[in-house]
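J.: Could you have a look at this structure, given as structure tokens, before my questions?
The values are calculated or read from the model by the stated rules, or taken from the named source; none is laboratory data. Just so we're clear, the structure is a prediction, and the values are computed from it rather than from any experiment. Methodologically, a virtual Cβ is constructed for each residue, glycine included, from the backbone with ideal geometry; neighbour enumeration extends over all protein chains shown. For the accessible areas, the whole protein counts, side chains as well, though only heavy atoms, and no ligand, DNA or RNA atoms are used. Shrake-Rupley method; radii C 1.70, N 1.55, O 1.52, S 1.80 Å.
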Amino acid sequence: MPLSLTVLGTASPYPQPGRPASGYLLRGGGAEIWVDAGFGTFAELQRHTDPTRLTAIWISHLHADHSADLAAAMYGFAYGGLTLPAPLPVYAPAGCARRLAGFFGRPDTEFLSGVFDFRTLYDGHSARHWNLTLTAHTVVHDVEAYALRAECQGRVFAYSGDSGPCDALTRLASGADLFLCEADVDTHRDGEPRVHLTPEDAGSYAKGASRLLVTHVSPTLTPLAATARAAVAFGGPTECALEGDTKIV
């Protein structure tokens, strides 16, 4: 199976009609990984695969627009007849299980263990499923956050997650066949924390990659305008991530 990425949602910071929040389906080497579980992405996931076939879930950070649909998945797997063959590994920052349990009004997390097997991410964390390897890299954000580098049979996919400018993104994108990168903000304002990227940032960090796919564009920009700006900075093949599209890495 070639390494591929299917776009489930790209919106920031809330879902819009026909545009769920952040979520992607990464497939390759026999594995199917749901990468980020933003609002509305569990429904979109079902357009492209049977959720019970998932190999794992990988969550970049715990902001709701990247993780809230874990609750929808829990309802489906625990109460909705979507029977998993075994608890599904969930790679996420510390506290993810507690956050999800809180949604159900429960102080404990044990009731989740029949559905999800939570595994805590850290910088350099690596997991291998079949012929697909997932490696986490710490990035700069206003909460603990990770970028993803996935490798499968000589192909490399990189994903920024949510990140401000940082050297880790340069290393992340280096040698990647496809770099999926956020371009959330129009400009960096003086005195404000730099926790997201401009389109120009995305294009600059992509220079070590072969192709750039722009995502997570906030309502202050349009995805097409952000992609055009990123393309100028990158100088290479640049596309806009669109819901339902599948890209071969």
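J.: In segment 181-199, what residues are open to solvent by 60 Å² or more (accessible area, probe 1.4 Å) and within 24 Å of D65 (Cα to Cα)?
T.: Answer for segment 181-199, where residues must be open to solvent by 60 Å² or more (accessible area, probe 1.4 Å) and within 24 Å of D65 (Cα to Cα): D186, T187, R189, E192, P193, R194.
J.: A further question on this structure: Give segment 179-201 a look and list any residue that's more than 16 Å from L242 (Cβ to Cβ) and small (G, A, S), or say none.
T.: If the condition is that a residue be more than 16 Å from L242 (Cβ to Cβ) and small (G, A, S), then G191 is the only one that fits.
J.: Let me ask something else about it. For V139, indicate whether it is in contact with a strand residue (DSSP E or B) (Cβ under 6 Å, 6 or more places away or on another chain) and either in contact (Cβ under 8 Å) with a residue 12 or more places away in the chain or of a type outside the set (A, V, I, L, M) (or both).
T.: yes
J.: Here's another thing I want to ask about it. Does segment 51-72 contain any residue that is closer than 26 Å to V156 by Cβ and basic (K, R)?
T.: yes
J.: Another question, if that's okay. Which condition does S163 not pass, out of (1) crowded, with 16+ Cβ neighbours inside 10 Å; (2) in contact with a Gly (Cβ under 7 Å, 6 or more places away or on another chain); (3) polar (S, T, N, Q), if it passes all the others?
T.: Only one criterion is unmet by S163, namely (2).
J.: Mind telling me which of the residues T198, T220 ends up being more than 16 Å from A147 (Cβ to Cβ), among the polar types (S, T, N, Q) and modelled with pLDDT under 95?
T.: T220
J.: Next up: From the list A230, A202, A206, which one is touching a Pro at 6+ places or on another chain (Cβ under 7 Å) and either closer than 20 Å to H66 by Cβ or part of a helix (DSSP H, G or I) (or both)?
T.: A230
J.: Now for a separate question. Would you be able to tell me the number of residues in segment 107-118 that are outside any strand (DSSP E or B) and within 19 Å of P87 (Cα to Cα)?
T.: 8
J.: Moving on. Is it true that some residue in segment 73-87 is surrounded by fewer than 23 Cβ atoms within 10 Å (Cβ to Cβ), touching a His at 6+ places or on another chain (Cβ under 6 Å) and touching a residue at least 40 places away in the same chain (Cβ under 8 Å)?
T.: no
J.: If you don't mind, another one. Can you tell me which residues in segment 156-206 are free of Cβ contacts under 8 Å to residues at least 40 places away in the same chain and aromatic (F, W, Y)?
T.: Result: F179, single match.
J.: Identify, please: which residue in segment 12-31 is within 16 Å of the chain's Cα centre (by Cα) and open to solvent by 10 Å² or more (accessible area, probe 1.4 Å) and is, among those, nearest to T198 (Cα to Cα)?
T.: The selected residue is P13.
J.: Here's another thing I want to ask about it. Restricting the search to segment 119-153, which residues are open to solvent by less than 70 Å² (accessible area, probe 1.4 Å) and in a loop (DSSP other than H, G, I, E, B)?
T.: L121, G124, H125, N131, V139, V140, H141, V143, A145, listed by residue number.
J.: For L82, all conditions in the list (1) out of contact with any strand residue (DSSP E or B) (no Cβ under 8 Å at 6 or more places or on another chain); (2) among the hydrophobic types (A, V, I, L, M, F, W, C); (3) within 26 Å of V143 (Cβ to Cβ); (4) in a loop (DSSP other than H, G, I, E, B) hold save one; what is the number of the exception?
T.: L82 satisfies all of (1) out of contact with any strand residue (DSSP E or B) (no Cβ under 8 Å at 6 or more places or on another chain); (2) among the hydrophobic types (A, V, I, L, M, F, W, C); (3) within 26 Å of V143 (Cβ to Cβ); (4) in a loop (DSSP other than H, G, I, E, B) except (3).
J.: Tell me which of these G203 doesn't satisfy, since it passes every other one: (1) under 16 Å from S12 (Cα atoms); (2) open to solvent by less than 30 Å² (accessible area, probe 1.4 Å); (3) out of contact with any strand residue (DSSP E or B) (no Cβ under 6 Å at 6 or more places or on another chain).
T.: (1)
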